[in-house]
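Peer 1: One structure coming up, written as structure tokens, with questions to follow.
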Amino acid sequence: GSAVKIELSCRLADKYSYMKILQVTWKRGNETIKHINKTENSWGIQLTISENRKLGSYTCTVTGEEEFSVAFHLQVPQIEGREKPVISYEGDSAILICKSHSYTPIAWTWYMTNGSEQIAINDSLMLDKYIIDRTDANVTHLKILKLTKEDDGAYWCEAAYELGKSKGKLKLKILSLMVPLKPFLAIVAEVVILVPLILLFEFYSKKKRAEDEKEFDQIEQL
Amino acid sequence: MQQQGGERKEGKPEPPAVTGDGSQGTDRGWAWAAVLHFFLVNVFVMGMLKTFGIFFVAFQEDVGGSSEQVSWIGSIMSSLRFLGAPLVAVVCRRMGERPTSILGAGLVSGGCLLSTQATGVPFLCVSMGLLLGMGFCCLYQAAAVMTAKRCRTRLAFSNAVARSGMGLTFLTAPFTQLLIDTYGWQGTLLIFSGIMLNLVPSSMLLRPVRTQLPLCPPASNEDRSSVPKGHPEEATNGAAQPSQPRGLPSTEPPAEPCSTGAVTTAAPGEAPTDSCCPETISEATKSCRSFPVLKEEKPQPLVDFSPLKDPLFFIFTWSFLFSHLAYFVPIFHLVARARTLGISSMDASYFISVAGITETGSQLLSGWIADQNWTKKYHYHAAYLVLCGVTNLLCPLATTFPLLMTYAVAFAIFCGGFLALVLPVLVDLVGVQKLHSYLGFASFFAGIAAVGGPPLAGWLYDYTQTYACSFLFAGACALLSPVSFFLEPLAQRWKLQKANVSMQSEAILQGSSGRAGFGCSHSQMPTSTDLQCQSKNC
């Protein structure tokens with residue numbers, strides 16, 4: 001992606017202007033940044049951010065009689081994937097959805113994992129397999145058609161922002177049609193067994209009642 | 001021989017549901033089978049309706065469509081359950097309860113199966129909304145009426161036992177979630193369709209109550225079920241004779257039918273052990289009839305609109321409609337109100353669970369109490385409604401967790417109380433013969449309330465910006481609901497007068513043509529006497 005230039009500066013508040021300043025340091029974690037642009041009463045640094053490595057917390061520490069510190073947090077929004085796997089069936093299609101809540105990314109890219117590698121999904125190449133819906137910039141839909149067992153696995157949706165990229169993970173699980181069919185057939189079998197049983201019971205009790213009636217009538221006639 | 005008959009009858013004491021032909025034991029069994037089926041229907045139907053919310057999310061993601069479109073599916077499903085009732089009542093009357101119930105189970109099962117192939121929201125509206133809604137309606141109507149037909153002496157308790165199935169539905173939500181996590185929504189619907197198919201064998205338990213007695217062979221024309229200890233009619237062996245007492249009702253004054261029924265079955269000294277007002281011929285203690293029954297020779301119209309001409313119907317429906325509103329609105333808004341008062345969702349969900357359990361227990365207790373027949377059932381019904389209304393009106397005063405919990409418990413107790421009695425009160429008012437049409441139309445009007453209830457509640461909140469108003473509204477509805485019961489004695493008297501007039505004119509027309517089986521057909525008999533009968537003998 002293209003690099004972004006950012007300038008960060010920190011300034012001491014007016015009520016401390018009496019204080020003699022010994023040192024001003026800019027740090028990122030433990031790493032000190034050397035080039036500090038000093039203007040009249042502020043100290044700044046220039047950063048060129050092009051990849052996630054340069055993101056993090058930048059602190060400006062002003063040391064005099066007292067020490068003051070301020071921090072800038074450069075980060076990209078966290079993309080939520082889905083913890084629970086998306087379940088779909090062979091031959092069917094599945095939709096994977098990623099959302100970026102407050103910030104609008106520049107672009108979305110989808111990756112599928114093949115072994116340990118992550119391969120970008122190019123929907124223009126494989127039109128009958130993948131469809132990426134880009135109508136809403138904050139949301140991306142990946143529709144996978146004609147699912148097979150090989151489509152099972154982890155998918156990543158990557159949102160590119162000016163400062164860097166952020167990934168979310170989704171899992172797709174492909175089941176064969178037999179999997180839910182087995183419990184279904186078991187239940188249907190149970191129903192099929194129960195129905196004649198009940199019919200038999202009813203027939204038997206009807207017969208018994210008819211016999212009782214006949215018997216009673218015979219007794220009556222005696 | 002007669003002694004034998006006597007022993008036989010005495011050996012089987014007072015059962016909840018009966019035909020008096022000596023197989024009272026198995027008939028009691030069939031009554032409990034009907035209750036079991038009704039219980040299962042409640043579990044599955046309410047379970048499915050309540051778990052729709054879980055499917056909602058899955059549908060939105062997979063099938064697409066906006067939130068509003070997907071919620072139409074749920075609305076159609078739950079409203080058709082009521083709105084389809086008049087149609088189902090017609091089907092039930094034509095085909096009988098058992099085929100209707102099997103049809104309903106088939107519809108539900110087929111609807112679930114078809115939904116697995118859904119590709120869009122309109123498809124789901126039809127397959128899941130329409131088919132499932134009508135299926136539920138068929139199942140519910142058939143089960144309710146069969147329970148009413150079979151359990152006459154302990155209807156309130158049996159109804160409460162069956163309704164307690166709704167209390168089990170709290171298990172269906174985690175179960176559905178588990179299934180969706182394992183099999184996806186399509187697999188889950190497939191498995192549900194199998195589970196619903198279980199309602200087919202359970203529908204077969206709805207054995208039709210015998211309405212056509214077999215023709216007697218000429219020699220035996222005596223009630224074999226009667227205790228002929230010095231039975232005066234025993235001596236008369238003519239084929240025509242025994243039917244005379246039963247043929248007489250057409251000319252006898254209205255107060256007689258119950259005692260007439262009693263006379264034909266037993267010596268006066270013996271209390272009839274079955275309900276004295278047989279609503280259908282089968283309940284008559286004659287096990288056979290001497291001539292072909294002339295009853296109901298006039299063809300029944302396809303759709304029976306007579307409930308709409310009956311003031312008792314309006315009394316009941318008024319009460320039903322408002323009590324429905326009073327029940328649903330607080331349920332919707334209780335958790336939301338708890339949250340606005342600062343109670344966490346976790347704690348708020350305790351309200352729902354506690355309320356559910358309390359309601360189930362209260363239904364059972366209320367059913368049992370009502371069956372003791374210390375007073376008319378609708379007195380209890382009205383009392384519970386008034387108490388429920390007062391509770392709701394006091395709800396806005398509950399602002400802390402313990403107070404809200406008290407409200408939830410009190411609300412559940414009173415709601416459980418009146419819910420258990422809805423069906424018994426209807427049966428008391430109109431009897432079992434015409435229950436289908438009455439229940440059908442009453443459900444239809446209740447359905448309108450059910451459809452309008454949630455949007456109305458939502459509108460109330462939007463308009464007043466506080467949930468307290470919904471509770472006041474519900475309280476007002478609950479207090480309005482029993483008002484119509486004050487008109488009940490008036491309506492009964494009106495009906496009595498009308499029936500007297502029509503009966504006398506009929507008696508003149510029919511004469512002594514032996515309208516056997518006139519018995520207690522409630523459409524013509526004034527019901528106040530039946531109520532007295534029931535409380536004394538049944």
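The values are calculated or read from the model by the stated rules, or taken from the named source; none is laboratory data. Predicted model only: the values in this text are computed from it and were never measured. Positions of Cβ are generated from backbone atoms using ideal geometry, with glycine treated the same way; all protein chains shown enter the neighbour counts. With ligands, DNA and RNA removed, areas are computed over all heavy atoms of the protein, side chains included. Shrake-Rupley method; radii C 1.70, N 1.55, O 1.52, S 1.80 Å.
Yes/no matrix, rows are residues, columns are (1) modelled with pLDDT under 90; (2) surrounded by 12 or more Cβ atoms within 10 Å (Cβ to Cβ); (3) within 30 Å of A:GLN78 (Cβ to Cβ); (4) outside the structural domain of A:LYS54 (by TED's automatic domain parsing):
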{"residue": "A:LYS165", "(1), (2), (3), (4)": "yes, yes, yes, yes"}
{"residue": "A:LEU194", "(1), (2), (3), (4)": "no, yes, no, yes"}
{"residue": "A:LYS207", "(1), (2), (3), (4)": "yes, no, no, yes"}
{"residue": "A:LYS214", "(1), (2), (3), (4)": "yes, no, no, yes"}
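Peer 1: I'd like to check which helices (runs of 4 or more DSSP H) are fully inside segment B:115-188 and have at least 1 residues that are closer than 19 Å to B:GLY74 by Cβ.
Peer 2: Correct list: B:121-124, B:132-150.
Peer 1: How many residues are buried (at least 18 other Cβ atoms within 10 Å of the Cβ) and either over 21 Å from B:SER109 (Cα atoms) or hydrophobic (A, V, I, L, M, F, W, C) (or both) when one looks only at segment B:72-89?
Peer 2: Final tally of qualifying residues: 10.
Peer 1: Name the residue that is farthest from A:LYS165 (Cα to Cα), counting only residues in segment A:87-109 that are buried (at least 17 other Cβ atoms within 10 Å of the Cβ), within 12 Å of chain B (Cβ to nearest Cβ) and hydroxyl-bearing (Ser, Thr, Tyr).
Peer 2: Checked segment A:87-109; the qualifying residue farthest from A:LYS165 (Cα to Cα) is A:TYR89.
Peer 1: For segment B:181-199, does any single residue satisfy the condition of being more than 14 Å from chain A (Cβ to nearest Cβ) and either within 24 Å of B:GLY367 (Cβ to Cβ) or touching a residue at least 40 places away in the same chain (Cβ under 8 Å) (or both)?
Peer 2: no
Peer 1: In segment A:31-62, how many are more than 32 Å from the chain's Cα centre (by Cα) and open to solvent by 90 Å² or more (accessible area, probe 1.4 Å)?
Peer 2: Qualifying residue count, segment A:31-62: 6.
Peer 1: Search segment A:202-222 for residues that are more than 7 Å from chain B (Cβ to nearest Cβ) and pair each with any residue that is in a helix (DSSP H, G or I) and surrounded by 11 or more Cβ atoms within 10 Å (Cβ to Cβ) when their beta-carbon atoms are under 9 Å apart and the residues are at least 6 apart or on different chains.
Peer 2: Once the first residue is more than 7 Å from chain B (Cβ to nearest Cβ) and sits in segment A:202-222, its partners that are in a helix (DSSP H, G or I) and surrounded by 11 or more Cβ atoms within 10 Å (Cβ to Cβ) give A:LYS208/B:THR26.
Peer 1: State all residues of segment A:1-22 that are aliphatic (A, V, I, L, M) and assigned to a strand (DSSP E or B); if no residue qualifies, say none.
Peer 2: A:VAL4, A:ILE6, A:LEU8, listed by residue number.
Peer 1: If you don't mind, there's one more thing I want to ask. Do we have A:LYS27 as charged (D, E, K, R) and under 30 Å from B:ASP62 (Cα atoms) here?
Peer 2: Judged against the criteria, A:LYS27 is not a match.
Peer 1: Which number in (1) facing another protein chain (nearest Cβ under 7 Å); (2) touching a residue at least 40 places away in the same chain (Cβ under 8 Å) marks the one condition that A:VAL188 misses?
Peer 2: Looking at each condition in turn, A:VAL188 falls short on (2).
Peer 1: Hey, B:THR360 hits all of (1) in a loop (DSSP other than H, G, I, E, B); (2) within 21 Å of the chain's Cα centre (by Cα); (3) at pLDDT 85 or above but one; which does it fall short on?
Peer 2: The number of the failed condition is (1).
Peer 1: I've got another one for you. Return the residue satisfying two criteria in turn: it lies in segment B:2-57 and is within 18 Å of the chain's Cα centre (by Cα), more than 12 Å from chain A (Cβ to nearest Cβ) and at pLDDT below 85, and of such residues it is surrounded by the fewest Cβ atoms within 10 Å (Cβ to Cβ).
Peer 2: Looking at residues that are within 18 Å of the chain's Cα centre (by Cα), more than 12 Å from chain A (Cβ to nearest Cβ) and at pLDDT below 85, I get B:PRO16.
Peer 1: Can you go through A:LEU147, A:LEU175 and tell me which one is facing chain B (nearest Cβ under 8 Å), in contact (Cβ under 8 Å) with a residue 12 or more places away in the chain and touching a strand residue (DSSP E or B) at 6+ places or on another chain (Cβ under 8 Å)?
Peer 2: None of the other options fit; the residue is A:LEU175.
Results for (1) within 18 Å of A:LYS173 (Cα to Cα); (2) within 19 Å of the chain's Cα centre (by Cα); (3) not assigned by TED's automatic domain parsing to the domain that holds A:GLY168, shown as yes or no for each residue.
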| position | (1), (2), (3) |
| --- | --- |
| A:PRO105 | no, yes, no |
| A:GLN118 | yes, yes, no |
| A:SER124 | no, no, no |
| A:ASP136 | no, yes, no |
| A:HIS141 | yes, yes, no |
| A:ILE144 | yes, yes, no |
| A:THR148 | yes, no, no |
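Peer 1: A further question follows. For residues that are open to solvent by 10 Å² or more (accessible area, probe 1.4 Å), among the aromatic types (Phe, Trp, Tyr) and in contact (Cβ under 8 Å) with a residue 60 or more places away in the chain, tally how many sit in segment B:402-435.
Peer 2: Number satisfying all stated conditions: 1.
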